[in-house]
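Undergrad: Encoded as structure tokens, here's the structure I'll be asking about.
The values are calculated or read from the model by the stated rules, or taken from the named source; none is laboratory data. No experiment lies behind these values; they were computed from the predicted model shown. Because the Cβ atoms are built from the backbone with ideal geometry, glycine has one as well, and the counts that use them run over all protein chains shown. Please note that ligands, DNA and RNA were not included when accessible areas were found on the heavy atoms of the full protein model with its side chains. Shrake-Rupley method; radii C 1.70, N 1.55, O 1.52, S 1.80 Å.
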Amino acid sequence: MIAVAGWRRWLFAFSMGALAAAALPPFYILPVLWLSFSGLAYLNLTANCWRQAFFEGWLFGVGWFGAGLYWVGHAFLVDAERYVYLMPFAVIGIAIGMAIFIAISSVSVNVIARRFKLDRFSYVLLFAGCWILLEWFRSWILTGFPWNPLGSVWGSLPEMMQVASYIGTLGLSFMTAVVFAAPIIMVANVRPVTVKPWIMVLALSLTLPAIWGVGAWRLSAAHIVMHDDILLRLVQPVIPQALKWKSELRQQHVLKQMAMSNRTAGPAGKPTHVIWAETNVPYLIDPNSPLPSSLAAAVPRHGALIFGAPRRDEAGKVYNSMFAIDDEGAVQATFDKFHLVPFGEYVPFRGILPLEKLTAGRGDFTPGFGPQTLAIRELPPFAALICYEVIFSGQIVNSEVRPEWILNITNDAWFGPSSGPRQHLVQAQLRAIEEGLSLVRVANTGISAVIDPYGRIIDRIELDQSGVLDSPLPKPLAATVFSAFGQRIGLGIAIFAILISAGFSYFRNRH
């Protein structure tokens, strides 16, 4: 398959990683995965030692994360005069760092395959298992950044995503890795099996229509019931990030959103609740601040306004928060973001690194206390999430007080008209499917959307399109398998695949 060595092999590894990113949202060029993932599997298998496997896997990872996360660089253009010089270091640095996870996966595949002399089918299971195990690792190590899991490549096909309600995104990623690494069976110089290689590849490829069939069956029985007495108004004002915190414009931004909140009701009727995006009230709110009461004019009668703003408590700590106020301006509930963005909302190792965070203000935000279920006037209890907290599969719902829907307010204005907001939306769809809960997403510049418990978008406001969206709230489904067991399912599948591939080969070789 690859009759090259040295720098040509290194170039191939990097190119395959970058090519694989074409399958991610919003492009979905899925056929490239057969070439790129079988190419990575071949590199892992034919590396002469673990060091070579590590380096080539790392090069693949640099291409995968560099092409998939290029949009991070847009954040450094918001205040270009101060930060643009950091843009290439940030994009390249993230790719270099995140690529280590794929490098470790590649080493694991190489070492285990050599030690146990795997047959071709076992090798595919091992490859997929190691990929998913490291995908799980990057969801929590060093605070975690599980962006662009492999399962997200199915974001344009609701049927393919439905299996996440049973085995989670990790399980979906595992099955995806198995299918697209399968061509290695045709060329791998590993222990043969009695079944012809092309038959094995065909059999594994049939996993795709099987997944689709399960999803189509699930959706065929889908019956969404709406809350008759709830009509949410999502406000997407499209306030440029570079102008958001300018002192002379902040009041104007708030007044604009109040006017949008009070627009004439559409065909669906009069909104009962209004939702604004993350930090779209660009003022620091203290315990005795009069600001919430001044927003009462934007609150529907007997309803609530939910908005994002920075909050300072009596001890002087500052949080990235979500507020809910009633029609008299009284604060009904608050939620503090618990999963903060490194360098965006706090600086890790601040005593060592001479850097500033990108968001307004020089001090760090304080993390909240984890997933919470909020209950406010005339709304079913909901899981509150701010920004990229929605990407953390299995970590978004308070298991002690299960919510009936999910609210995610965010601000993707940092990333412009790039792939970032679109990738973020797919992650939100996967969370809705996993938990069997509808998800309402409100973003400053988009994409704002109402997502049903099957991950289907009921309605949306497109990226960089100013407007309001009035939508009823879908009721939840019965608890899903994933909501009961969480990531333990996908993690168990990955570990079982690794153990069964090594164990089967070990006992077969002994006999």
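Undergrad: Starting from a Cα-only point model with no solvent, please compute log10 I(q)/I(0) by Debye for segment 129-288 at q = 0.15 1/Å.
TA: Once normalised to I(0) and log-transformed, intensities are -1.01.
Undergrad: Can you give the accessible area per residue of segment 1-51, in Å², using a 1.4 Å probe?
TA: So segment 1-51 comes to 48 Å² accessible per residue, rounded to a whole number.
Undergrad: What is the extension gain from S293 to D364, computed as 0.36 nm multiplied by their sequence separation minus the C-alpha to C-alpha distance, in nm to one decimal?
TA: Full extension from S293 to D364 adds 22.9 nm.
Undergrad: Let me ask another. Based on the mean of other beta carbon atoms within 10 Å per residue, what is the order of 9-16, 436-443, 264-271, most packed first?
TA: Result, highest mean first: 436-443, 9-16, 264-271.
Undergrad: A follow-up question, please. Quick one: if the Förster radius is 51 Å, what FRET efficiency do E462 and A315 give, using the C-beta to C-beta distance and rounding to 0.05?
TA: For E462 and A315, the calculated efficiency is 0.80.
Undergrad: ³J(HN,Hα) across segment 85-100 via Karplus (A = 6.51, B = -1.76, C = 1.60, θ = phi - 60°), whole Hz, x for Gly/Pro?
TA: 5, 7, 4, x, 5, 5, 5, 5, x, 4, 4, 5, x, 5, 5, 4
Undergrad: I need to check one value: relative contact order of the chain, counting alpha carbon pairs closer than 8 Å and at least 6 residues apart, in percent.
TA: 17 percent.
Undergrad: Can you list residues whose amide H is under 5 Å from Q332's amide H, if they're 5+ apart or on another chain and H is modeled 1.01 Å from N?
TA: Hits under the 5 Å cutoff: A324, I325, D326.
Undergrad: Rounded to the nearest 0.05, what FRET efficiency is calculated for R402 and R8 with R0 set to 56 Å and r the Cβ-Cβ distance?
TA: 0.55
Undergrad: If amide hydrogens are placed 1.01 Å from N in the peptide plane, which non-local residues have theirs closer than 5 Å to the one on S448?
TA: HN-HN under 5 Å from S448: A443, I461.
Undergrad: Which residues' amide hydrogens lie under 5 Å from the amide hydrogen of H227, considering only partners 5 or more residues apart or on another chain, with H built in the peptide plane?
TA: Distant-sequence amide H within range of H227: L473, K475.
Undergrad: Then there is this: Return the sequence-ordered ³J(HN,Hα) values of segment 170-176 in whole Hz as given by the Karplus equation 6.51 cos²θ - 1.76 cosθ + 1.60 applied to θ = phi - 60°, using x for Gly and Pro.
TA: With the stated coefficients, segment 170-176 comes to 4, x, 4, 5, 4, 5, 5 Hz.
Undergrad: For segment 44-56, take each phi angle, set θ = phi - 60°, evaluate the Karplus expression 6.51 cos²θ - 1.76 cosθ + 1.60, and give the result in whole Hz per residue in order, putting x for glycine and proline.
TA: 4, 6, 9, 4, 6, 7, 5, 5, 5, 4, 4, 5, 5
Undergrad: Round to a whole number: what % of the accessible area of segment 140-284 belongs to carbon and sulfur, probe 1.4 Å?
TA: Taking all protein chains in place, segment 140-284 shows 66 percent carbon and sulfur surface.
Undergrad: I would also like to ask the following. For K317, list the aspartates and glutamates whose Cα falls under 12 Å from its own Cα; do not include residues on the same chain fewer than 8 positions away.
TA: D286, D336, D364
Undergrad: Sorted by mean Cβ packing within 10 Å, highest first, what order do the peptides 166-179, 36-49 take?
TA: Those peptides, ordered most packed to least, come out 166-179, 36-49.
Undergrad: Peptides 113-122, 378-387: what's the order by average Cβ count within 10 Å, highest mean first?
TA: Going from most to least packed, we get 378-387, 113-122.
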